[in-house]
Amino acid sequence: MSKEEQVVDLKFAAAQGESVEVCFEPVGTTFSLSDGEAVFLRTAISNVASLEIVSWPNGIGVWVPYPGDYAIIDSKGNEIDTL
């Protein structure tokens, strides 16, 4: 992402008292979240329309255009992975 491009943080979270696996494809990076925990996908706002998000009981699949410049951020704002 260039410094001029606007970015957005998209939140993926487990409901209170529940657990969920969030998988970022096509690389397969997966996070297990529980009881309100969340991760955020940081990307250029221009990429949002190209994301494919699929959900099923206890799972969320997030397909990003690849290759790309994506960061996974934890609830404290720390970058924990890149795609």
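The values are calculated or read from the model by the stated rules, or taken from the named source; none is laboratory data. Since we're looking at a predicted model, the values are computed, not measured. Cβ atoms come from the backbone with ideal geometry, glycine included; neighbour counts cover every protein chain shown. Side chains are part of the model used for accessible areas, which takes the heavy atoms of the whole protein and leaves out ligands, DNA and RNA. Shrake-Rupley method; radii C 1.70, N 1.55, O 1.52, S 1.80 Å.
Rounded to the nearest 20 debye, the dipole magnitude of the chain is 100 debye, with +1 charges on Lys and Arg beta carbons, -1 on Asp and Glu beta carbons, and the Cα centre as origin. On a per residue basis, the range 1-54 carries 60 Å² of accessible surface, using protein heavy atoms and a 1.4 Å probe. Sparsely packed loop sites in the chain (the trypsin sites (Lys or Arg not before Pro) outside DSSP H, G, I, E and B with at most 13 other Cβ atoms within 10 Å) comprise K3, K76.
Rolling a 1.4 Å probe over the protein chains gives L33 an accessible area of about 20 Å². This model, with +1 at the C-beta of Lys and Arg and -1 at the C-beta of Asp and Glu, gives the range 1-49 a dipole about its Cα centre of some 160 debye.
Surface composition of the chain: carbon plus sulfur atoms contribute 48% of the solvent-accessible area (1.4 Å probe, protein chains only, all chains present). Each of I60, Y70, T29 was scored by the projection of its Cα onto the charge dipole of the chain, and the greatest displacement toward the positive side belongs to Y70; charges sit on the C-beta of Lys, Arg, Asp and Glu. Loop-resident GluC sites (Glu not before Pro) (DSSP state other than H, G, I, E or B) in the chain with no more than 12 further Cβ atoms inside 10 Å of their Cβ: E4, E5.
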